[in-house]
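Comments concern the structure below.
No lab work stands behind these numbers, since they all come straight from the coordinates. Not measured: the values here are computed from a predicted model. Note that we place each Cβ from the backbone using ideal geometry, even for glycine, and neighbour counts take in every protein chain shown.
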Amino acid sequence: MRELHQPGQLHPAPENFIAPSLLDDITKHGLDAQRRTFLRQSFLAAGTVMLAGRAHSQAIDQSAEGDPAILNLPPHSTSLGNPVASSPYGQPSRYEANLQRRESPGLTRVGAASVSFSPLQGMFGIITANGLHFERHHQGWVDIDPSQHRLMINGLVKQARVFSMDDLMRLPSVSRMHFIECGANTGMEWGNVAVPTVQYTHGMMSCCEFTGVPLSLLLEHCGYDKKNGKFILAEGADGSGMTRTIPIDIALDDVLVAYGMNGEMLRPENGYPLRLVVPGVQGVSWVKWLRRIEVGDQPYATKDETLHYVDLMPDGQQRQYTSIQECKSVITTPSGGQTLVGQGFFNISGLAWSGRGKIRRVDVSVDGGRNWRTARLESPVLSKCLTRFNFPWTWDGKPAILQSRAIDDSGAVQPRLNQLRAVRGAKSIYHNNAIQSWQVGINGELRNVHLE
Ligand SMILES: Nc1nc2c(c(=O)[nH]1)N[C@H]1C(S)=C(S)[C@@H](COP(=O)(O)O)O[C@H]1N2
Ligand SMILES: [Mo]
């Protein structure tokens, strides 16, 4: 795993945003009845996918007898529909109201600082709808007047400059599809906590088409110091004082100063009007409400890279500046909390990604990793972007364990959880890219399990 430099000294463990009491609760007692109900409700939408599958096959079986739902004409087939623009900004169907980003019952919310997870179990393809993009705020989100917003570039530059949004939006722009994953995604699984659903195991991840100005263009424009400029510092305008160091080679490579997300302006929760897009790098470096970029000759060692976002190793040392999101994949349907409603055919579908480049291959196992077969990768397969994979499976009604294993074009293979723990210990928070296991019971219910 890539590191910018070795830690020079020991650092205290980072502040853990997982509430120890709730963690104990889930670990010792499992989920209580109230939470179970909550989770059942939150995954109703996902369950609907499975039920729809059954309805479909029943419809095929019963077509000779006649299905009332196809024979009777409902009122919507015999009347006028709603006029255009009665919903000037389009909303999802009311039948999709359960598909929501959600806060995990196992995480603390400190004031406005918290995290909401994307409902991966109910999403298709590779693009995250803007209203379902995960959120991670260290000090809450803000809605900034773009006419008042400014970006300064200073430090080791010939000419420090301040840009307005108008200045930035007249410059040449590019659009690129990339995933963003919080370094803490899948963080609870380091220990013996197996959170119940893919929304909470992997939902601190989203993928969008971002539009903006290449940072290289702005740095050139300001005449950055090519000899001594080795790092940049990115700073956000929210109350968290979010600041991150990024090596200049990454900054000049594919980093964007972005204002667009999936064809419209960024949402306030995701950094409106300006955020940094740092492809392949953990979410924390994608500074939102971006207000300043400083060019420097060494890493800045800010609070967000010394106290937070460091990896606690088994020997008590902390790894710093571990920023690349390594090769990873997960089966999103069927997944924990969902139920197979009968034997027979199910399409296994999931997502694979790597901060190092493109996904080369994804293998799927239905027997806990004893046998693997290659899944079908759906196009497009893009660098530092989610790749959708599909795998046909016929469930025979017996217990099964579903897993996916990704391999990227650098040759990196997604590790088993215990392989990762052997190197990194079980007390880390960040950069868990282990293979995820979903156990299928004879009742068809899927749950998250950690294999030996
Ligand atoms: N200014 C600022 N930028 C920020 C944060 C923040 O709290 N403030 N959170 C960071 C973290 S930890 C992550 S994972 C991503 C989350 O981006 P999102 O909320 O758009 O999903 O933004 C990063 N950028
Ligand atoms: Mo994060």
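Give me the one-decimal nm value for the distance between modelled label points at residue 95 and residue 227, 7 Å along each residue's Cα-to-Cβ direction. So the two model labels end up 6.8 nm from each other.
For the pair region 135-149 / region 409-445, the C-alpha centres are spaced 34 Å from each other.
Treating cross-link reach as a plain straight distance, find the lysines whose alpha-carbon is under 19 Å from the alpha-carbon of residue 288, omitting any fewer than eight places away in the same chain. By straight Cα distance, residue 288 reaches 303. Listed values for region 76-84 are Karplus-derived 3J(HN,Hα) couplings in whole Hz (6.51 cos²θ - 1.76 cosθ + 1.60, θ = phi - 60°), namely 5, 8, 10, 9, 7, x, 6, x, 4, and x replaces Gly and Pro. Computing FRET efficiency as 1/(1 + (r/R0)^6) for residue 413 and residue 209, where r is the C-beta to C-beta distance and R0 is 25 Å, gives about 0.30. Take each peptide in 80-93, 323-336, count the other Cβ atoms within 10 Å of every residue, and average; sorted highest first, the result is 323-336, 80-93. The aspartates and glutamates whose alpha-carbon is closer than 19 Å to the alpha-carbon of residue 358, local same-chain residues fewer than 8 away aside, are 181, 209, 253, 254, 326, 378, 408, 409. Among 269, 96, the order by Cβ neighbours within 10 angstrom, fewest to most, reads 96, 269.
Pairs with C-alpha atoms separated by more than 27 Å, drawn from the list 227/384; 158/230; 230/384, are 227/384. For the pair region 329-378 and region 162-241, the centres of their Cα atoms are 28 angstrom apart.
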